[in-house]
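Here's the structure we're looking at; comments come further down.
What follows is calculated from the coordinates using simple rules that are stated; it is not laboratory data. Given the structure is predicted, the values throughout are model-derived calculations rather than measurements. For neighbour counting, all protein chains shown are included, and Cβ atoms are generated from backbone atoms with ideal geometry for every residue, glycine included.
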Amino acid sequence: MAEDSDDAIKEQVAGYQAAFDKIVANVEHVMKGKPDVVRLAVTAMLADGHLLIEDVPGVGKTSLARALAETMDGSLQRIQFTPDLLPTDVTGVQIYNQGENTFEFHDGPVFANVVVADEINRASPKTQAALLEVMEEHQVTVDGAPRSVPDPFIVLATQNPVELDGTYELPEAQLDRFLMRLHIGYPDAAAEMEILDQHEKRWDRTELAPVVSTEQFARMTRVADRVHVGPLVKEYLVTLSHATRVRPDVRIGVSPRGTIALANASRAWAASQGRHFVAPDDIRLMAPHVLPHRVVVTPEAELRGVTGNAVINEVLSQTPVDETARS
C-alpha cells in the first residue's frame, strides 16, 4: 500500500473509531452492564454481517436487537416469528389488481435496512428458508424476478435455546449465514439495579435517537473493508479453519464462508481499536463468536459433551501464531 494511501486509511480509521464509540455509547443507554456484548454486536453489523443473539428469556435479546437497529437512521422492520408465519409474510407476495388486470408485488418486511427477526426458531423450516437467499445475496426472487433489498441490509435475529416446545432448530445453512452468534448472559447486581431504575422510569420503552445515517454506516463498512490483512495473518486464518475440518470429532468444519466472515469481523474490530491492519490477536478474539456455530460435531462427540465452542477453543490453543504476523 502506498504511503499516501496509508495516511488516508489511518485518517479514515480514526473517524471510524470515533463513530464506533458513539454507536456503542448510544446502545448502552438501553443495554446495561454488557459493554463487550454491545461492542461485538456493533462489530458484526459494521462487518456487513447478520447477527444471531441467543440466550435464555428475559436477558435483553430483543432489547439489544432493537437498540442496534434504532441507532442507525435507516428503515426498520420487526418480524415476530411464529409457527403459522408463512414465507410470503417475510418476503412479500404478488396480489392481483382487478382494476389494472395485473399482478402487483407487495413488499414484505425484509425490504428494510435492518430486520429484527424475533424468536426466529419458532418459525417452520419452510419460513426460515425464505431468509436464505436474502441474507446471502441481498435480494428476493418472486416468480422468477429478483428484487433487491435496501443497502445496507442486516438481519438481527434472536432465539431461545432452552425452550424447545414449538421450535425448529436452525439448519446449518441458515446458521452459516450469521456472521456472529452472541450470548448475553445475566447482568451483574449493579447493572440489574440500573435496569430496575430504567424500568420504573419506562426508559426501556423509549426509542433511541439514531446517531449515524445509513450513508455514514455504509462509509464505515467500506473503511472496515480497507483494513489490511497481511499474508501471514491470512495464513493463520486458513490454518484455523482447516484445523476444524480434520478433527475426528467434527462432522462439518468451518466453511470458506466462515473464514471470510472471521476476516471481515477482525477487520471491523481492528478499525474500532484505531488500527488499519489486522493482528492475530484480533482473530483470536473474534473466533469464539464467529466460528463455533459453523462447527457440527459427530453424534458420538456430542454424547460426550463436545460442543462447537470447545472445538474452537481447543483449535485456538493448539494453533501457534507466527510472531512475525504480530508486527
Note to self: Under 5 Å between amide hydrogens, which residues at least 5 positions from residue 78 or on another chain qualify, with H placed 1.01 Å from N in the peptide plane?
What the structure shows: 116
Check: Does anything in region 75-89 have its amide N under 15 Å from the 7 Å Cα→Cβ label point of residue 160, and if so which residues?
Finding: 80-83
Notebook entry, point to check: Given a Förster distance of 22 angstrom, what is the FRET efficiency for residue 11 paired with residue 281, based on the Cβ-Cβ distance and rounded to 0.05?
Noted result: 0.40
Notebook entry, point to check: Quick one: if the Förster radius is 41 Å, what FRET efficiency do residue 183 and residue 143 give, using the C-beta to C-beta distance and rounding to 0.05?
Noted result: 0.55
Next item on the list: Report relative contact order for region 34-195 in percent, whole number only (criteria: Cα-Cα under 8 Å, sequence separation at least 6).
Entry: 34
Next item on the list: Send over the semi-axes of region 34-195's equivalent ellipsoid, whole angstrom and largest first, taken as the square roots of 5 times the C-alpha gyration tensor eigenvalues.
Entry: 30, 17, 14
Margin query: Among 253, 58, 99, which one shows the highest mean-square fluctuation when the chain is modelled as a Gaussian network with alpha-carbon springs under 10 Å?
Written below: 99
Next item on the list: Grab the DSSP H runs of the chain that are 4 residues or longer, score each as -39,500 (n - 2.57), total them, divide by all residues and round the 222 nm result to the nearest 500 deg cm²/dmol.
Entry: -14500 deg cm²/dmol
Check: Which percent, to the nearest 5, of DSSP beta bridges fully inside the chain are antiparallel?
Finding: 40
Check: Residue farthest toward the positive end of the dipole of the chain, with Cβ of Lys/Arg at +1 and Asp/Glu at -1: which of 45, 218, 253?
Finding: 253
Notebook entry, point to check: According to a simple spin-label model (label point 7 Å from Cα along Cα-to-Cβ), what is the distance in nm between residue 314 and residue 194?
Noted result: 3.8
Note to self: Quick one: 3J(HN,Hα) in Hz for region 269-286, Karplus 6.51/-1.76/1.60 with θ = phi - 60°, rounded, Gly and Pro as x.
What the structure shows: 5, 4, 5, 5, 8, x, 10, 9, 9, 8, 9, x, 5, 5, 5, 5, 6, 7
Checklist line | Gyration tensor (Cα) of region 106-168, equivalent ellipsoid semi-axes in angstrom | finding: 24, 14, 8
Margin query: With +1 assigned to the C-beta of every Lys and Arg and -1 to the C-beta of every Asp and Glu, and no other charges, what is the dipole magnitude of the chain about the Cα centre in debye, to the nearest 20?
Written below: 460
Next item on the list: Just the number, please: percent antiparallel of the DSSP beta bridges in region 1-125, rounded to the nearest 5.
Entry: 55
Check: Which whole-number percentage describes the relative contact order of the chain, with Cα contacts under 8 Å and a sequence gap of 6 or more?
Finding: 22
Margin query: Please compute the alpha carbon radius of gyration of the chain, then divide it by the globular-protein estimate 2.2 N^0.38 Å. Two decimals is fine.
Written below: 1.04
Item checked: HN-Hα J in Hz across region 143-160 - Karplus 6.51, -1.76, 1.60, θ = phi - 60°, x for Gly and Pro -> 6, x, 9, x, 10, 6, 8, x, 10, x, 9, 9, 9, 10, 10, 10, 7, 9
Notebook entry, point to check: How do 120, 9, 260 line up, fewest other C-beta atoms within 10 Å first?
Noted result: 260, 9, 120
Next item on the list: Could you rank the peptides 132-140, 62-70, 148-156 by their average count of other C-beta atoms within 10 Å per residue, with the highest value first?
Entry: 62-70, 148-156, 132-140
Notebook entry, point to check: region 245-285 to region 123-165: how many Å between their Cα centroids?
Noted result: 24
